[in-house]
Structure formats: structure tokens, C-alpha cells
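Notes follow once the structure below has been shown.
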Amino acid sequence: MHATSTLDTVPPPVTETPAKRTLLIVDDEEGPRQSLRVVFKDQYNLLIANDGTRAIELAKQNRIDVAITDIRMVGMSGVELLEHLKAVDPGIEVIMLTAYETVDTLRLALRLGACDYLNKPFDIATMRKAVSNAMERRSLGEEIRNNGQALQELQKELHNQRMEEEITRTRGEIYASIIHDINGPLTVISGFIQLMNQRIGNSGRIEGDDLDFVKDRLRTITRQVTNCIEISRRYLSFLRQDADEHPPVGVNHILADLRELVRVHPSIKENEFVIEPLAEDAVVRINGTDLIQILLNLAVNGFQCSPEKHSVKITGCRLPQPLELDGIVDGREERLINREGFKNIAPLLSLTVTDTGPGIPAEILPRIFDPYFTTKSANQGTGLGLNVVQRLTREAKAALHVRTRPGQGTTFTLYLPGN
């Protein structure tokens, strides 16, 4: 008995037979239709039509790769059919057959997307070659479209990743400010506790000046502890993913936190920075961290708009009436972001970030919110700051109005639904 080789027991690999491509033949004469049927019946899936109307129906019901159509037919001409086929599927390759047409007609057919034209009576070898070339063009077009879609998906994924990186980076700066804010009260608390320990030591009773001293320090410590709690609560909403559940935040608290964050930001340099709190505090329903991100990015954008010394100012006010959106027209000097998604219901709150820089050129203004667009040097920014502002504005159902004048600076006004 002979040993059986393991190689003999391995079945041959299964290869899938490529699916036949589909060829549409359109002619109002029986002779040419039957001739083409005989030539291509074993090579392609064939669909036959005797007029343009039937051909369009077949194109809507089937995936057609290549169509062969006579130019001159009763009723709908081949050129008209060409336009309809391209409307159904721009990727269909169309070969025109002609016996009497003028050069102008052929030029029109080619301009409308025909890939080839042949004269009647046609040579079989020439016809086979024309159809083969058209099928290859169809395959190449599909490959290009598929690669284009894959590239778009990759670009979208990359953009989302970069966007998340930018948001994470900005929020990292905010977290650093939280640590800074809480560290201040904790330092005061620690210092006052040491002072009290030094003052009263191991005394069994506290009275007179010592009692007043301790009471005063305890009141200060209580305020600082309350401050730490408020800071923690304010940023706790960052952990919540549902934008509809954000608790209302006090605007003046946000502005106070922003002041401390900007005060130590490297972009401020020698520029002047002013924040004017609201005369009467107001609350808005937006993630507090998101609001700081918006204002921080706008302030940093203001600082970086010019190497010359200038100022950035943030102010706010209540608006008792909805905005007159029709009066804000996108143009050379202004734009409105999230016009459609803006919850324009009174009362509203406006927060304005104004710089005295050179202004934004008219040709650049339409692009400033595009991802990765920047006029700054590589070490100054990624071109995502204003894109993040746009995204967070839309998530908050807010609106952002940009007004700029060459040589007179730029104003960003954020409109937020009040509470």
C-alpha cells in the first residue's frame, strides 16, 4: 500500500468566477440589434431595447456597464438617450452608432459623455474592441470612485481624530486652570490652619482676641472651601455626554475662571486683556467647559491676529428679544454661524470678544472656520481652534456672529439661549 501524500488530500483553491458585466443594446432596427446580440451573447449579460423610452426603463431597473445606441432613431434620438442614461448613472459608458450624422452631432455626443462612436455598417473586430475599451473605462471609473470614497472616509476619520486631539488638548489646558483655581483656596486654607495652630497651640480654652482671630480665619476658610466645591461642580458637567442635561452655569463664574486661564496663557504676551463681568449675573444652559473653550479659543485667536501690541476685550449683555436674523447677511465683512440650528428664543445672552488687530481680509473670512485652515506659523496653531468653536456653538444651539473691518479689528459675538 502506498502512503498518501498530505498534499494529495488538500482540495484545490476555490476561485470565484467574475460576474458578467451588462451590455445594453438600443436600436430601432431589428437587424443591428440581432447582429450585436450574436456578437456579444456569450461575453456579457445583454439587455435589448428598440427605443429610448424602453432603454431608460432598463437602465433604472438594472445596473448597466456599457450601452450601444444608434444616434438616429424614431422618437427619442441617441443623443437625448445619452443624456438620460447619464442622469440615471453617470458611470455608464455609451458607444454611439452613426450612419448619416454630422460632425456637430458627434461633437455634441462626445461633449455629453459618449466614450466612442462607430460608423454603420460596423466591423465586428472594431466593435469588440470599442466595447472592451468601454468596459475597461467603466472598471477604472468604479475603481477611482471607490478609492475616492475610501479616501474621503479616511480624511473624515483623520479629521475627527485631529478634532478630538484638539479638544482634548484645550480641555487639558482647562483642567490645568482648575488645578490652579483649586490650589489657590487650598493654599489659603492650609496657611490659615497653620496660623490658628500657632496662635492657640494646645490651649484648652479659646476666648478674647484668640476667639475673634479663630472665628475670622474660620469664616475665610469656609469661603475658600465653598469656592473649591463650586469649582468642582462647575466642571463636573464635563463628564456628562448628554448636551440636553447640562445644568445652567453662571456666566460671571465662567468669566472669572477664564480670566485666570488667559492670565497665564503664553499667547497673551504684552497684549492688553480685559474682561467685564455682567452687571447682573446670568445663567445659560451650556456645558461650562465648552463655554470656556469657545471663549478661550476666540481670545487666543484675538491675541495671535497680529504680532503688534493690541488689546482683546470680552463683554456680555442680556437681550430681551430674539435676534433679527434677516438683518445679518453673510458678506465680505460678516458671517453668522449656525443660523439654521440656532435656538433664537428670548431671553438671550451675548458674549462679545473684540480685538483691535488688523481685521480679517475678505478673501479669508469664508475659510476661517474650515478645519486646519490657518494663516499663523506652524508653532502658533493647528488651524482647528475656530473649527472647534464652530462645533461647540452648534452643539449648544447657539449662534456666532463675526464682524470684521480691515485695519479696525474683529468682533466675535456668541449668542446663547438664556435660562
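Laboratory data are not the source of any read-out in this text; all were calculated from the coordinates shown. None of the values given here were measured: they were computed from a predicted structure. As a convention, Cβ positions derive from the backbone with ideal geometry for all residues, glycine included, and neighbour counts pool all protein chains shown.
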Exercise. Full extension from Glu395 to Glu270: what is 0.36 nm times the residue separation minus their Cα-Cα distance, to one decimal in nm?
Worked result: 41.6 nm
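Can you compute the equivalent ellipsoid semi-axes for region 22-122, i.e. the square root of 5 times each eigenvalue of the Cα gyration tensor, sorted largest first and rounded to whole Å? Don't skip to the answer; put the middle values down first.
Values: eigenvalues 67, 52, 30 Å².
Taking √(5λ) for each Cα gyration eigenvalue gives 18, 16, 12 Å.
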Exercise. Using θ = phi - 60° and the Karplus form 6.51 cos²θ - 1.76 cosθ + 1.60, what ³J(HN,Hα) does each residue of region 53-69 get, whole Hz, x for Gly and Pro?
Worked result: 4, 5, 5, 5, 4, 5, 5, 6, 8, 9, 8, 9, 8, 9, 10, 10, 9
Problem set entry | Amide hydrogen neighbours beyond the local backbone of Val284, cut-off 5 Å, H modeled | Val249, Val251
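What does the charge count around Val312 come to, taking other residues whose C-beta lies under 10 Å from its C-beta (Lys +1, Arg +1, Asp -1, Glu -1)? Kindly include the intermediate steps, with their values, before the conclusion.
On the way: positive: Lys313; negative: Glu272, Asp355.
My count for the surroundings of Val312 gives -1.
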For this session: Collect residues whose amide H, placed 1.01 Å from N in the peptide plane, falls under 5 Å from the amide H of Arg405; neighbours closer than 5 in sequence don't count.
Result: Ile360
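For a 30 Å ceiling on Cα separation, which of these pairs sit above it: Lys60/Lys397; Lys309/Lys343; Lys156/Lys269; Lys41/Lys86; Lys129/Lys156; Lys156/Lys313?
Working: Lys60/Lys397 41 Å; Lys309/Lys343 37 Å; Lys156/Lys269 35 Å; Lys41/Lys86 24 Å; Lys129/Lys156 40 Å; Lys156/Lys313 35 Å.
Going by Cα-Cα distance, Lys60/Lys397; Lys309/Lys343; Lys156/Lys269; Lys129/Lys156; Lys156/Lys313 fall outside the 30 Å limit.
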Exercise. Taking other Cβ within 10 Å of each residue's Cβ, how do Ile292, Ile364, Ile56 sort, fewest first?
Worked result: Ile364, Ile56, Ile292
Problem set entry | 5 angstrom amide H check on Gly418, placed H, neighbours 5+ away | Leu348, Leu349
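Which of Thr404, Thr220, Thr53, Thr352 comes first, and how do the rest follow, when ranked by fewest Cβ neighbours within 10 Å? If you can, show how the numbers build up before the last one.
On the way: Thr404 24, Thr220 15, Thr53 12, Thr352 18.
The most exposed by this proxy come first: Thr53, Thr220, Thr352, Thr404.
Net charge around Pro32, counting only other residues with Cβ within less than 11 Å of its Cβ (Lys, Arg = +1; Asp, Glu = -1)? Each step should come with its number before you reach the end.
Numbers: positive: Arg33, Arg37, Lys120; negative: Asp27, Asp28, Glu29, Glu30, Asp70.
Local net charge: -2.
Which length gain, in nm to one decimal place, applies between Asp104 and Val283 when the Cα-Cα distance is subtracted from 0.36 nm times their residue separation? It would help to have the intermediate numbers written out before the result.
Numbers: separation 179, 0.36 × 179 = 64.44 nm, distance 7.01 nm.
Extra length available between Asp104 and Val283 comes to 57.4 nm.
Per-residue counts of other Cβ atoms within 10 Å, averaged by peptide: what ranking do you get for 308-316, 271-279, 119-127, highest first? Display every interim value, and only then the final one.
Numbers: 308-316: 17.3, 271-279: 14.8, 119-127: 12.9.
So the peptides 308-316, 271-279, 119-127, ranked by packing, come out 308-316, 271-279, 119-127.
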Exercise. Put a dot 7 Å past each Cα toward the Cβ at Glu29 and Arg367; how far apart are the dots in nm?
Worked result: 5.6 nm
Seminar exercise, completed: Scoring only Lys, Arg, Asp and Glu (+1, +1, -1, -1) among other residues with Cβ under 11 Å from the Cβ of Leu46 yields +4
For this session: Please turn the phi angles of region 346-363 into ³J(HN,Hα) values with the Karplus equation 6.51 cos²θ - 1.76 cosθ + 1.60 (θ = phi - 60°), one per residue in order, whole Hz, x for glycine and proline.
Result: 6, x, 10, 10, 10, 10, 10, 10, 10, 10, 9, x, x, x, 9, x, 4, 6
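Pull out the extension gain between Asp212 and Ala256, defined as 0.36 nm times the separation in residues minus the alpha carbon to alpha carbon distance; nm, one decimal.
Details: separation 44, 0.36 × 44 = 15.84 nm, distance 3.11 nm.
Taking 0.36 nm per residue and subtracting the Cα distance, the gain is 12.7 nm.
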For this session: For Gln408 paired with Leu186, estimate the spin-label separation in nm (one decimal), with each label point 7 Å from Cα along the Cα-to-Cβ line.
Result: 4.9 nm
